[in-house]
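Accompanying notes for the structure given below.
The values are calculated or read from the model by the stated rules, or taken from the named source; none is laboratory data. This one's a predicted model, so the numbers in the text were calculated from it and none came from an experiment. Cβ placement follows ideal geometry from the backbone for every residue including glycine, while neighbour counts extend to all protein chains displayed. Keep in mind that these areas ignore ligands, DNA and RNA; they rest on the heavy atoms of the full protein, side chains included. Shrake-Rupley method; radii C 1.70, N 1.55, O 1.52, S 1.80 Å.
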Amino acid sequence: MYDTIIIGGGPAGLAAAVKAKKLGLKVLLLDENEFLGGILPQCIHPGFGLHYFKEELTGPEFAHRFIREINKLNIEHYTNAYVLEIENYSDLEKKVVFSSPKGVMEVWGKTIIYAAGARERHAFEIGIVGDRVAGIYTAGEAQTLMDIYGVMPGKEVVIVGSGDVGLIMARRFALEGAKVKAVIELMPYPGGLARNVMILRDFEIPLYLSHKVVEVRGRKRVEKVKVVKVDENLKEISGSGFWIECDTLLISAGLIPNVKLLKKIGAQIDPLNGGPIVNELLETTIPGIFVAGNALLINDLVDYVAEQGELAALGAKEFIENQGIPSRKWIKLKRGSNVRILAPHYISGERDVYIYARVSRPMENVRVTFPEIRKELRLPVVKPSEMLRIKLKAEEIQKAGKEITMEVEKGEV
């Protein structure tokens with residue numbers, strides 16, 4: 001019987017495994033890939049670790065720091081381990097069934113830390129029709145081909161989505177000599193961090209805001225894509241369509257938390273976050289099952305993913321020591337104006353808590369308020385693409401009644 005079984009060997013799972021082992025727990029780490037690190041080994045660009053390690057690293061370097069600790073601490077782990085099923089027998093008895101090169105295996109644990117990450121949206125989910133031909137990739141697929149296997153997916157590229165991954169791939173293609181014909185963004189503003197949006201200006205790549213790709217044409221491979229303009233309600237504007245010739249279409253239309261196994265066993269899901277409803281220790285509505293990283297909500301920074309992995313390990317430790325999270329008065333954290341994504345959902349006031357949130361629309365000169373506890377922050381700008389990470393102190397939370405609302409409003413001039 002393991003104290004905790006960690007599902008997913010990306011940054012959240014790695015950080016959770018190291019933290020849980022250092023807390024004295026018996027740990028098993030399972031990952032479906034042939035090597036640990038999740039998507040980090042294919043993220044060869046810098047920008048990782050500035051918060052967590054206080055230095056700038058590439059994705060492989062960030063992963064290596066944790067993998068080195070995994071090996072140093074002799075943490076038991078399986079790669080090529082695809083989890084088939086989770087069974088929740090009781091609060092302190094959970095079974096995980098997974099396939100591996102050794103066959104189908106069953107393991108038991110007192111707790112589970114679910115860090116299975118997210119999946120990419122594909123062309124059919126965003127309404128692109130037309131010919132089913134070669135040359136259509138998700139951003140992750142193209143990144144794997146280029147950075148793991150050294151294969152160039154195409155020479156003339158149109159990218160759907162201006163999120164961080166799409167922008168980074170625009171730079172990656174340009175550096176390899178491909179022609180990035182356009183980045184197409186549905187919303188009237190870019191979806192990525194400001195530093196990544198600058199990539200388009202640096203490489204003179206056209207950005208079409210309030211546009212969408214609706215059709216692909218080609219015989220054996222992509223030959224052209226149709227782009228149309230949309231109005232403020234994201235409806236197509238008649239007569240606005242035009243074609244862009246290309247041999248590759250890259251879909252970078254966002255990520256969706258990979259929570260299929262959690263749904264199957266009855267974990268409550270937040271429809272806006274896409275991940276499970278959790279308390280301040282990242283415990284789901286199923287006792288003893290914790291979640292961290294992009295399976296909880298889509299993060300900007302890998303540093304926050306690792307931070308959540310460590311918090312889930314602390315939750316597992318407390319759960320085991322007390323045979324469950326001790327009863328307490330839970331305060332509900334609610335979305336107010338211009339707040340789209342928010343986690344955790346329940347907090348107690350017994351500890352300081354980091355709130356992770358995203359706004360619905362961009363705004364300048366902003367007041368972020370929590371009216372019930374009379375807390376206010378001032379920010380020059382907020383964007384849907386940039387996560388807000390706000391610390392609520394225990395003594396502040398204790399001022400609340402049954403709920404705390406987060407509001408993002410225009411500040412006074």
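Laid out as a table, the results:
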| item | result |
| --- | --- |
| Looking only at region 174-193, and only at residues there that are of a type in the set (G, A, S) and not in a loop (DSSP other than H, G, I, E, B), the one that is most open to solvent (accessible area, probe 1.4 Å) | A174 |
| Residues located in region 348-386, provided they are touching a helix residue (DSSP H, G or I) at 6+ places or on another chain (Cβ under 7 Å), open to solvent by 20 Å² or more (accessible area, probe 1.4 Å) and closer than 20 Å to Q308 by Cα | E350, R351, D352 |
| Qualifying residue in region 157-173 (condition: modelled with pLDDT of 95 or more and open to solvent by 20 Å² or more (accessible area, probe 1.4 Å)) | no |
| Qualifying positions in region 4-24 - surrounded by fewer than 20 Cβ atoms within 10 Å (Cβ to Cβ) and either free of Cβ contacts under 8 Å to residues at least 24 places away in the same chain or under 23 Å from P287 (Cβ atoms) (or both) | L23, G24 |
| Number of the condition not met by F290 [criteria: (1) surrounded by 24 or more Cβ atoms within 10 Å (Cβ to Cβ); (2) part of a helix (DSSP H, G or I); (3) not aliphatic (A, V, I, L, M)] | (2) |
| Residues located in region 92-121, provided they are open to solvent by less than 80 Å² (accessible area, probe 1.4 Å) and not in a strand (DSSP E or B) | L92, A115, A116, G117 |
| Matching residues, region 387-402, being among the charged types (D, E, K, R) and either farther than 16 Å from T369 by Cβ or surrounded by 13 or more Cβ atoms within 10 Å (Cβ to Cβ) (or both) | R389, K393, E395, E396, K399, K402 |
| Per-region count, region 43-89, residues open to solvent by less than 80 Å² (accessible area, probe 1.4 Å) and assigned to a strand (DSSP E or B) | 14 |
| Residue match in region 264-281 (condition: in contact (Cβ under 8 Å) with a residue 40 or more places away in the chain, closer than 16 Å to A16 by Cα and in a loop (DSSP other than H, G, I, E, B)) | yes |
| Meets criteria (more than 26 Å from the chain's Cα centre (by Cα), more than 19 Å from D247 (Cβ to Cβ) and surrounded by fewer than 19 Cβ atoms within 10 Å (Cβ to Cβ)) for D131 | no |
| Condition broken by T285, with the remaining ones in (1) touching a residue at least 24 places away in the same chain (Cβ under 8 Å); (2) open to solvent by 40 Å² or more (accessible area, probe 1.4 Å); (3) not small (G, A, S); (4) not in a strand (DSSP E or B) satisfied | (1) |
